[in-house]
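The values are calculated or read from the model by the stated rules, or taken from the named source; none is laboratory data. For clarity, every value in this text was computed on a predicted model and none was experimentally measured. Note: ideal-geometry Cβ built from the backbone for every residue, glycine included; neighbour counts use all protein chains shown. Surface areas here come from the heavy atoms of the whole protein model, side chains and all, with no ligands, DNA or RNA. Shrake-Rupley method; radii C 1.70, N 1.55, O 1.52, S 1.80 Å.
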Amino acid sequence: MRSTAAQYWTLTKPRVVALIVFTALVGMFLAVPGLPPLKETVLGLLGIWLAAASAAAINHVLDQRIDAVMARTHDRPLPTGGLRTTQAVVFAITLGVASMAILVFLVNPLCAVLTFASLIGYAIVYTGWLKRATPQNIVIGGIAGAAPPALGWSAITGTLDPHALLLVLIIFVWTPPHFWALAIFRREDYARAMIPMLPVTHGVTYTRWQILLYTVLLVLATILPWATGMSGLFYLGGALVLGVVFLWYAWRLLDPPDEFFAMRTFQYSIVYLMALFAFLLLDHWLMPWLQAAPAMQLQAT
């Protein structure tokens, strides 16, 4: 039996939240030419992390009936009785209030408003309504999960820049092929829980073609940071290589070698997003150095 602390930690969905915080951090670094200010970075990340953890805990509360009948989630704290519903609710509210207090008073109001909207969008609109209402749930609700780069950007600048929205667009388009690959693998779970995920309502073949379509759109979207001058050739090269591999997974998924290939596609999609944002970050630091290097050599001669 896990300790009470471990049960609470599980409520925060730490692996999912880690990806959220990472993309928010990249948004912070891309928002300014040099290093972002330490105070806004640390407090902004803390506030965003607390909000994401709060949304995750609310997700556990609203989905506990579903979680109890799905193999992937039946051992979560609420279905197993490790925590009571009231404990999870109090925990979620505490995290949410702490998040808003930090962002409003110690970061800036815009970041607080955007973060709160993202929290409500995921925890209430997606989990409480869209997830059970339409097979396009992950598409419509994906905007909430795509927001972290804009949250990080706004934490540093107090503004919502068009380049930040490009990062949001990339995650928004990435979400359907990422999640539908998992949904294909877990389609029997979703059918048992009566959740209208696309493979359940429209079949696996249709979903595979949708994954390929969205992956093509994703590769096109990842070119935009270079096309708009936000990033350089180093990022573009990395994005194209990662995109070609993702396209191979999506194409191979049309006629997969085994049932587990959908899960491998899902796993690659996580690596893809982390690597793509790492390329954005490295390009942001590397390109000014490469541009300055010839001038420094001329001065030396």
So which pairs qualify, if the first residue must be in the range 62-75 and at pLDDT 90 or above, the second must be open to solvent by 70 Å² or more (accessible area, probe 1.4 Å) and assigned to a loop (DSSP other than H, G, I, E, B), the Cβ gap must be under 8 Å, and the two must be at least 6 apart or on different chains? Asp67/His74; Ala68/His74
Considering only residues that are of a type in the set (Val, Ile, Thr) and touching a residue at least 12 places away in the same chain (Cβ under 8 Å), look in the range 96-119 and name the one that is farthest from Ala55 (Cα to Cα). Val107
If you go through Trp226, Trp174, Trp209, the only one that is touching a residue at least 12 places away in the same chain (Cβ under 8 Å) and either farther than 22 Å from Ala278 by Cβ or of a type in the set (A, V, I, L, M) (or both) is Trp209
Working carefully through the options Ile140, Ile120, find the one that is closer than 30 Å to Tyr206 by Cα, open to solvent by 20 Å² or more (accessible area, probe 1.4 Å) and under 17 Å from the mean Cα position of the chain (by Cα). Ile140
Would you be able to say whether some residue in the range 7-27 is touching a residue at least 40 places away in the same chain (Cβ under 8 Å), farther than 25 Å from Gly142 by Cα and exposed (fewer than 15 other Cβ atoms within 10 Å of the Cβ)? no
Between a first residue in the range 242-265 that is among the aliphatic types (A, V, I, L, M) and a second residue that is open to solvent by less than 50 Å² (accessible area, probe 1.4 Å) and not in a helix (DSSP H, G or I), which pairs have beta carbons less than 9 Å apart while being 6 or more apart in sequence or on different chains? Ala262/Leu253; Ala262/Pro256
Pairs please, first residue from the range 149-161 and under 14 Å from Val113 (Cα atoms), second anywhere and of a type in the set (Asp, Glu) and open to solvent by less than 10 Å² (accessible area, probe 1.4 Å), Cβ atoms under 7 Å, 6+ apart in sequence or on different chains. none
Any residue in the range 120-134 that's within 18 Å of Thr175 (Cα to Cα): show its pairings with residues that are open to solvent by less than 60 Å² (accessible area, probe 1.4 Å) and at pLDDT below 90 at Cβ separation under 8 Å, as long as the two are six or more apart or on different chains. Gly121/Gly141; Tyr122/Gly141; Val125/Gly141; Tyr126/Gly141; Leu130/Gly141; Lys131/Gly141
Assuming Ile195 fulfils every condition listed in (1) touching a Lys or Arg at 6+ places or on another chain (Cβ under 9 Å); (2) aliphatic (A, V, I, L, M); (3) within 30 Å of Ala31 (Cβ to Cβ) apart from one, which condition is it? (3)
